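Chemist: Take a look at the following structure, please.
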Amino acid sequence: MTLEQIRALVADDLAAVDRLLREQSRSEVGLADQVAQYIIEAGGKRLRAVLVLLCGRALGGLRHPDASFMLAAVIEFIHTATLLHDDVVDNSEIRRGRKTANKIWGNEASVLGGDFFYSRAFGMIAKINQPEVTRILADASNAIAEGELLELMHAGHVELGEDQYLTIIEGKTAKLFEASCEATARIEGASDDRTRELIDFGRLLGAAFQIADDAIDYLEDNPEADKSVGDDLAGGRLTLPYIYALREAEKEDQDFLRRAIQSGQREHIGEVCAIMHRSGAIDYAWEQARDFAQRAQKHLGAIDASPWRDALDGVTRFSVSRRY
């Protein structure tokens, strides 16, 4: 199942969410409006919004569409805020196939643009008016910040292990996937058992998605890429491919990788990518991503069979087969 086929199942719902994104990102402050509209127009996969809509349809047919659309938009705003901040930290140049906001308007505007999306998100959360949903999203935002800070603490530290890496991605990425599923289950009034299954599904899916993302970052000859190759290297981030290569590559290659991550220079990316491939690091990362995706799929058994449940299964498959 392709992403286009998955999105087609909730096309009308997505259109409603997109309208909400555009409406809620408007500002009378010129610079805020410019940055916000530039980011929204770039589009993106909208995968987290799709997740909200598919879960809602699979659980009960989207019984509370206004709340569900608002939730999907909130999740997208929170995600967009993290991207704006990440691009500043990584000094990225390309995002979603376009120049990053920090390259156009500067780091200050990009950081404040991220803050703008966060503030709009929490204003919209208040409109949903469900205390449990508010708690879920507040906890997720906190976990994202802590995950990003934990990653920053370990930037350039070549001794980072797989367990620590998984802790980082659980906070910075998987938590928002988990929150998307859990908050939707609360809005739809799902049973506690089904909610717990969806929480596990979202968390494992998010981990699979991030591990795949980290493998994609070292696919140098990748025409489908919609962001700068080597962002992880430039940011000094030790992701799963790097951790594996530092453990399994030839001694000479390990030494090169240590120097490359500590220098954080993109000029090394060609040789780093080559080492990742010949050491088996990329293959290992894809294997781990697929393992997390398969574990996620098992939790979908708690949901009644439907085209939307099939699409949720399709999301897991897409997450670990994509190249962008």
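Chemist: Say we look at region 274-309 and pick out the residues that are among the basic types (Lys, Arg) and open to solvent by 80 Å² or more (accessible area, probe 1.4 Å); which of these is farthest from the chain's Cα centre (by Cα)?
Modeler: ARG278
Chemist: Let me ask another. Looking for whichever is modelled with pLDDT under 95 and surrounded by 15 or more Cβ atoms within 10 Å (Cβ to Cβ) here; the options are LEU238, LEU312, LEU205. Which one fits?
Modeler: It is LEU238.
Chemist: Considering region 6-20 alone, what residues qualify as being in contact (Cβ under 8 Å) with a residue 40 or more places away in the chain and either among the basic types (Lys, Arg) or within 15 Å of SER306 (Cα to Cα) (or both)?
Modeler: Listed by number, the residues that qualify are ILE6, ARG7, LEU9, VAL10.
Chemist: What number of residues in region 62-101 are among the acidic types (Asp, Glu), within 23 Å of GLU132 (Cα to Cα) and open to solvent by 50 Å² or more (accessible area, probe 1.4 Å)?
Modeler: Summing the residues that are among the acidic types (Asp, Glu), within 23 Å of GLU132 (Cα to Cα) and open to solvent by 50 Å² or more (accessible area, probe 1.4 Å) in region 62-101 gives 1.
Chemist: Right, here's the next one. Conditions first: (1) under 30 Å from CYS55 (Cα atoms); (2) in a helix (DSSP H, G or I). TYR324 passes all but one, so which condition is the exception?
Modeler: In the conditions (1) under 30 Å from CYS55 (Cα atoms); (2) in a helix (DSSP H, G or I), TYR324 misses (2) alone.
Chemist: Hey, can you tell me all the residues within region 39-66 that are of a type outside the set (A, V, I, L, M, F, W, C), over 21 Å from VAL315 (Cβ atoms), at pLDDT below 95 and assigned to a helix (DSSP H, G or I)?
Modeler: Of everything in region 39-66, just one residue is of a type outside the set (A, V, I, L, M, F, W, C), over 21 Å from VAL315 (Cβ atoms), at pLDDT below 95 and assigned to a helix (DSSP H, G or I), namely GLU41.
Chemist: Now a separate question. When you scan region 108-120, how many residues do you find that are buried (at least 17 other Cβ atoms within 10 Å of the Cβ) and polar (S, T, N, Q)?
Modeler: 1
Chemist: Report the residue count in region 175-208 for those that are under 21 Å from ALA126 (Cα atoms) and free of Cβ contacts under 8 Å to residues at least 60 places away in the same chain.
Modeler: The number of residues fulfilling the criteria is 4.
Chemist: Anything in region 173-202 that is of a type in the set (Gly, Ala, Ser) and either modelled with pLDDT under 95 or assigned to a helix (DSSP H, G or I) (or both)? List them, or say none.
Modeler: Once the filter is applied, which keeps residues that are of a type in the set (Gly, Ala, Ser) and either modelled with pLDDT under 95 or assigned to a helix (DSSP H, G or I) (or both), region 173-202 yields ALA174, ALA179, SER180, ALA183, ALA185, GLY202.
Chemist: Taking GLY97 as the residue in question, decide whether it is among the small types (Gly, Ala, Ser), on the phi > 0 side of the Ramachandran plot and out of contact with any Cys (no Cβ under 6 Å at 6 or more places or on another chain).
Modeler: yes
Chemist: Specify which of the listed residues (ILE168, ILE104) is open to solvent by 10 Å² or more (accessible area, probe 1.4 Å) and part of a helix (DSSP H, G or I).
Modeler: Just a single option satisfies the conditions, and that option is ILE104.
Chemist: I'd like the residue in region 156-165 that is in contact (Cβ under 8 Å) with a residue 40 or more places away in the chain and part of a helix (DSSP H, G or I) and, out of all such residues, is surrounded by the fewest Cβ atoms within 10 Å (Cβ to Cβ).
Modeler: GLU162
Chemist: Aromatic (Phe, Trp, Tyr), crowded, with 17+ Cβ neighbours inside 10 Å and part of a loop (DSSP other than H, G, I, E, B) - does that describe any residue in region 214-223?
Modeler: yes
Chemist: Return the only residue of ASP18, ASP33 being in a helix (DSSP H, G or I) and modelled with pLDDT of 95 or more.
Modeler: Unique residue meeting the criteria: ASP18.
Chemist: Now, a different point. Can you go through GLY43, GLY56 and tell me which one is open to solvent by less than 40 Å² (accessible area, probe 1.4 Å), small (Gly, Ala, Ser) and under 21 Å from GLY97 (Cβ atoms)?
Modeler: GLY43
Chemist: Any residue at all in region 136-155 that is over 19 Å from the mean Cα position of the chain (by Cα), of a type outside the set (S, T, N, Q) and not in a helix (DSSP H, G or I)?
Modeler: yes
The values are calculated or read from the model by the stated rules, or taken from the named source; none is laboratory data. Please read these numbers as outputs of a predicted model, since none were measured by experiment. Note: ideal-geometry Cβ built from the backbone for every residue, glycine included; neighbour counts use all protein chains shown. To get the accessible areas, we keep the full protein, side chains included, count just its heavy atoms, and leave off ligands, DNA and RNA. Shrake-Rupley method; radii C 1.70, N 1.55, O 1.52, S 1.80 Å.
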